[in-house]
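Some notes on the structure that comes next.
The values are calculated or read from the model by the stated rules, or taken from the named source; none is laboratory data. Computed from a predicted model, the values in this text were never measured in an experiment. Note that we place each Cβ from the backbone using ideal geometry, even for glycine, and neighbour counts take in every protein chain shown. Heavy atoms of the whole protein, side chains included, go into the accessibility calculation; ligands, DNA and RNA do not. Shrake-Rupley method; radii C 1.70, N 1.55, O 1.52, S 1.80 Å.
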Amino acid sequence: MRQLIIIGSGPAGYTAAIYAARANLQPLVIASSVEFGGELMKTTEVENFPGFPEGIMGPELMTRMQQQAERFGAEIVYDDVVALELEGPVKRVTLGSGAVHEAQAVIYATGSAYRKLGLADEERLSGYGVSWCATCDGAFFRQKKVAVVGGGDSALEEATFLTRFADVVYLIHRRDEFRASKAMQERAFADPKIEVVWNHEVAHIYGDDKVTGIGIVNTVDGTETTLDVQGMFVAIGADPRTHLVHGQLELAPEGTIAVQGRSSRTSLPGVFAAGDVVDPTYKQAATAAGSGVVAALDAEHYLAELADAEKTSAVAVSA
């Protein structure tokens, strides 16, 4: 039986693996067979991760994190978790291959998935004008025209942020009123760079190698028009990947895994959570990495306490 299994291979999972491996916990990282490396594998240049003043490509950053974890002794398995048994002192992780791994502790760092529009060219142009994170990619659109899709707080916040760089920000919403808070709406309406496009949905994304425009359809009369934009930001929400722990771990009202205070401790002893799966607000690579540090340290302390308890018990029995 292992000491620690880490589920997830984004910034949180790999950072937890680096810290756990350096603590000689010999963690097993379940990295997924398809989505290993997390959302950063789908991005191009990352300019806001500390330590890379010239920027770094998302896949390269994740590869470096993986190599660093392996250097200290972490084992990486490219498979998918299909079932978890987290109650009790022994945690069981079943993989798609049929293999079952047991450990004294588990760090759950599966991240979140941005909701998508479901358009044919959305994935193809991801990182080439299509984005789900203005904070990550906004600086690439200086003096350009961009569109933001959505009507909640996150969409209006993204649009307002993008006005720092873009000349024009079209805010496209399929209804005739926003769901966002009044304060957020007032801020957006007051910004001269934001043009609200009511009652429209995005139907097409144009461009061969990068976004050159989008086709939007009026939800009232069905007419279609084209917007000349170089970027499109989808801000219709994100879903934390918690399906494997439903019914086992307590969830927060936002749907993320509930943790105790600023720790990574969940509702079950020996189970820790980190990254976007516990964070409904910030969702940045750097904050996820920091969360991974917390989870690794919490797991290390938990395992040390278990070892101390076992020694005490053994002494008592021998006496």
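Things to note:
- Condition check for Asp308: acidic (Asp, Glu), over 30 Å from Gln143 (Cβ atoms), modelled with pLDDT under 95 and surrounded by fewer than 17 Cβ atoms within 10 Å (Cβ to Cβ): yes
- Filter result (hydrophobic (A, V, I, L, M, F, W, C) and surrounded by fewer than 18 Cβ atoms within 10 Å (Cβ to Cβ)) within region 148-167: Phe161
- Region 34-43, residues that are buried (at least 21 other Cβ atoms within 10 Å of the Cβ) and either more than 17 Å from the chain's Cα centre (by Cα) or aliphatic (A, V, I, L, M) (or both): Leu40
- Residue list for region 83-101, filter: touching a residue at least 40 places away in the same chain (Cβ under 8 Å) and either among the aromatic types (Phe, Trp, Tyr) or closer than 19 Å to Ala309 by Cβ (or both): Glu87, Pro89, Val90, Lys91
- Residue within region 136-147 that is within 14 Å of Gln185 (Cα to Cα) and open to solvent by less than 10 Å² (accessible area, probe 1.4 Å) present: no
- Test: residue in region 289-298 that is at pLDDT 95 or above and under 30 Å from Val211 (Cβ atoms): yes
- Only listed residue being of a type in the set (A, V, I, L, M) and surrounded by fewer than 15 Cβ atoms within 10 Å (Cβ to Cβ), chosen from Val82, Val77, Val93: Val82
- Condition broken by Asp239, with the remaining ones in (1) modelled with pLDDT of 95 or more; (2) over 29 Å from Leu25 (Cβ atoms) satisfied: (1)
- Any hit, region 25-33, residues being in a loop (DSSP other than H, G, I, E, B), touching a residue at least 12 places away in the same chain (Cβ under 8 Å) and open to solvent by 40 Å² or more (accessible area, probe 1.4 Å): yes
Here's the yes/no breakdown for (1) under 17 Å from Gly237 (Cβ atoms); (2) at pLDDT below 95; (3) polar (S, T, N, Q); (4) not in a loop (DSSP other than H, G, I, E, B):
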{"position": "Ser97", "(1), (2), (3), (4)": "no, no, yes, no"}
{"position": "Cys136", "(1), (2), (3), (4)": "yes, yes, no, yes"}
{"position": "Val148", "(1), (2), (3), (4)": "yes, no, no, yes"}
{"position": "Tyr170", "(1), (2), (3), (4)": "no, no, no, yes"}
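- Test: residue in region 41-54 that is without any contact (Cβ under 8 Å) to a residue 24 or more places away in the chain, farther than 22 Å from Asp279 by Cβ and touching a helix residue (DSSP H, G or I) at 6+ places or on another chain (Cβ under 6 Å): no
- Members of region 261-286 that are of a type in the set (Gly, Ala, Ser), in a loop (DSSP other than H, G, I, E, B) and open to solvent by less than 30 Å² (accessible area, probe 1.4 Å): Ser263, Ser264, Gly270, Ala274
- Gly8 vs. criteria crowded, with 20+ Cβ neighbours inside 10 Å, at pLDDT 95 or above and at positive phi: yes
- Looking only at region 44-68, residues that are open to solvent by 40 Å² or more (accessible area, probe 1.4 Å) and touching a Gly at 6+ places or on another chain (Cβ under 7 Å) come to 3 in all.
- Strands (runs of 3 or more DSSP E) fully within region 179-260 counting 2 or more residues that are within 20 Å of Ala120 (Cα to Cα) and open to solvent by 60 Å² or more (accessible area, probe 1.4 Å): 200-206, 224-227
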